[in-house]
Every structure is written in C-alpha cells, then in structure tokens.
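The values are calculated or read from the model by the stated rules, or taken from the named source; none is laboratory data. Just so it is clear, the structure is predicted and the values come from calculations on it, not from any experiment. Neighbour counts run over all protein chains shown; Cβ positions are idealised from the backbone, glycine included. Quick note on the areas: whole protein, heavy atoms, side chains included, nothing else; ligands and nucleic acids left out. Shrake-Rupley method; radii C 1.70, N 1.55, O 1.52, S 1.80 Å.
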Amino acid sequence: MPAPASDKATTVRIPGIEADDDSLETDGSWVYIETRGTPIFDEDRKVVQCVYGSRDISERKKAEELLLRTEKLSIVGQMAAGVAHEFRNPLTSSKGIAQLLHRGNEKPEYIELILSEVRRLEAILWGFLTLAKPQAPKLKEVDAEVVLQQAVLILSTQSILNKIDIIEEHDSEVPRIYCDENQIKQVFINILQNAVDAMPNGGIIKTQILSHNSEYIKFRFIDHGIGISAERIKSIGEPFYSSKEKGTGLGLMLSNKIVHEHGGSIHIESTVNEGTIVDVILPIYSSFLKRD
Ligand SMILES: Nc1ncnc2c1ncn2[C@@H]1O[C@H](COP(=O)(O)OP(=O)(O)OP(=O)(O)O)[C@@H](O)[C@H]1O
Ligand SMILES: [Mg+2]
C-alpha cells in the first residue's frame, strides 16, 4: 500500500470484507483506510526505517460527506427562498394590473407597467442564474436620483394604501454612481418595503441623498415606525430572520450582499416605537474613475 514516509497521511478506498469461519468475501461496501508513515533517522540523518500506522476512517468520511450534502441542500433552499422573495413583488403588481384590465379598466400605461415588471422578473431570474456561475455585476454610470425615484414609484401604490407619504429630499447636485441599476433599485425597494411594513398606522417616510465624503454618497431612509430593539438589531440581515408572518427574512441579506459587491455598506440605527434610519453608502462615479 503506498504511504508517505512523512507526517502526511494517504487515504485509500478498499472494498469492505465480510469474514466467516472459512471464507472472506466483499460485502459491497467501501472502507476508507488512512495510512501515516513516520521516518526513523540514524545519527547521520539518514532514514533507516519507516513506521506505518493505518486506521479505518470510514465513519469520519461518512460524516464529512453528510455535512457537505447538508450544506449544499441549505444553499439550494436559501436560493429557492431568495427567488421567491424577489419574484413576489413584481408578480403581485402584475397580477393586480391584469385584474384591472380584466375588469375593463383599460389604460395604456397599465400594459407598460406589466411589461416593465416582466422585464424586472427576467433581470432577477438572470441574476439568480448567474449566482451559480458568478459574473461581475453589469456596472454603468447612472443617475442616483433616478434610481431612487423609480424605487419610490414602485412602492407608491402600496404606500398610498397604507396612508404613508414618501418625501424625497436631496441636494440640487447629486453625483452619479457606477452600479448595476436593477440590483441597486432592488436594494432601495427592499428597504422602503421594510419601512412601509414598520408603519401600520401610516405616517411619513423620508428619503435623503447626502454627501458622505468626497468618495461616497449616502442614501438615507428614515421611518417613524415600530423600530427594532438593540437585542434584535444584531440578528438583522441574517438569512431567514424575520418578524413578519409573510416575510422571508432575506431582503436585507440580499441587499447587504449587493451593496458590498458594489464597494459600499449598509448601516441601521433604530429606537423602539420611534423609528429606524437605514443608510446605504455607495462609491460615487468619480471615485471609481480614480481607482482605475
Ligand atoms: N425599517 C424597519 N423597521 C422595523 N423593523 C425592521 C425594519 N427593517 C427591517 N426590520 C426588521 O428586520 C427583519 C428582517 O428584514 P428583511 O427585509 O431582511 O426581511 P423581512 O422584511 O422580514 O422579509 P421580506 O424582506 O422577505 O419581506 C424584519 O422582519 C423586521 O423585523
Ligand atoms: Mg424586507
């Protein structure tokens, strides 16, 4: 059996054997044997002997394989829940608009809305498919204000229904950012959706675009909702951490991932019964140019 004369171990797989009084037969199983060899030197540092020790590590192998399979399964589960989460909003709004059309409420902008939601579904699907085979996000120079406005628009019907006003505040000169527009829009939608969910009695949500420093821009989302306790805030962003009956608890996890991939960060401050401030900090376009 090959084995190294060093501290390194060699593992071989051999057929399992069933032995009775007068015969030895393979039993269809496999046994993993780990062999370790230790050299013995004479006074001139020459190897004079090797001592080999072998042991059956089949149980450890089985446990390792099981762990690997469980990890793979949980990643598949997380991905499936992620797809469901991202698909839910565009599907709900398309269904609502289709129902309006069905009742004879025909308006040309309804068709355009459905088409834009379907395009978003396609983009999300593409995003998830490329998760398995990661690719760089499709970065381009965009107007930060427009991306935020589009997210606010998507949430507008829901906020009106919940008696919530979304007020946008920003400087006259908003720098451009370098990002995957659909991904960053999704982040803003997730954060605004959380703010709407946190204000069951209505009120005001403010969005601000602020200069963070010479290289970064800050998108601030302020709500006056139920808030998050100091103890719970530690778990926010962990997969499946949700206080909502229909929440997947993936919104902030996916948002964090997207923002980090763009070289930015998300910060949350909150006081119970007073409200929450979420900051999304992203590099501005000119700081990207400097890096190249
Ligand atoms: N603005 C907020 N105010 C109060 N609680 C919040 C706010 N944002 C997030 N949370 C808390 O963080 C949890 C995790 O948020 P996340 O967006 O990751 O998932 P979710 O909103 O529960 O589920 P989903 O995003 O699938 O609807 C929420 O369930 C909620 O308890
Ligand atoms: Mg959410």
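Below are the figures for this structure:
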{"item": "When each of K163/K244; K95/K244; K95/K138; K61/K138; K138/K163; K8/K234 is checked by Cα-Cα distance, pairs over 31 Å", "result": "K61/K138; K138/K163; K8/K234"}
{"item": "For H262, solvent-accessible area (1.4 Å; no DNA, RNA or ligand), Å²", "result": "10"}
{"item": "Extension gain (nm, one decimal) between F41 and E245, 0.36 nm per residue minus Cα-Cα", "result": "66.6 nm"}
{"item": "Centre separation in Å (Cα based) which lies between the stretch 189-233 and the stretch 70-115", "result": "24"}
{"item": "Net length gained if the chain between D27 and E65 were fully extended (0.36 nm per residue, minus Cα distance)", "result": "11.6 nm"}
{"item": "Given the chain, longest segment not containing exposed loop trypsin sites (Lys or Arg not before Pro) (DSSP; at most 16 other Cβ within 10 Å)", "result": "164-233"}
{"item": "Residue-averaged 222 nm ellipticity for the chain, from DSSP H runs of 4+ at -39500 (n - 2.57), nearest 500", "result": "-14500 deg cm²/dmol"}
{"item": "Carbon and sulfur %, accessible surface of the stretch 34-73 computed with the full protein complex present, 1.4 Å", "result": "55"}
{"item": "Simple Cβ-charge dipole of the chain, Lys/Arg +1 and Asp/Glu -1, about Cα centre, in debye nearest 20", "result": "700"}
{"item": "Residues listed by number, the stretch 172-198, amide nitrogen under 17 Å from H260 label point at 7 Å toward C-beta", "result": "184, 187"}
{"item": "In nm, spacing of pseudo-spin labels at V48 and L101 (7 Å Cα→C-beta vector)", "result": "9.0"}
{"item": "The chain - Rg over Rh from alpha carbon coordinates, Kirkwood radius", "result": "1.21"}
{"item": "Nearest-10 value in Å² for the accessible area of D56, using the 1.4 Å probe", "result": "100"}
{"item": "Among A19, A84, A195: highest mean-square fluctuation, GNM of the chain, C-alpha pairs under 10 Å", "result": "A19"}
{"item": "In the stretch 146-245, the chymotrypsin sites (Phe, Trp or Tyr not before Pro) that fall in loop regions by DSSP, at most 14 other Cβ within 10 Å", "result": "F240"}
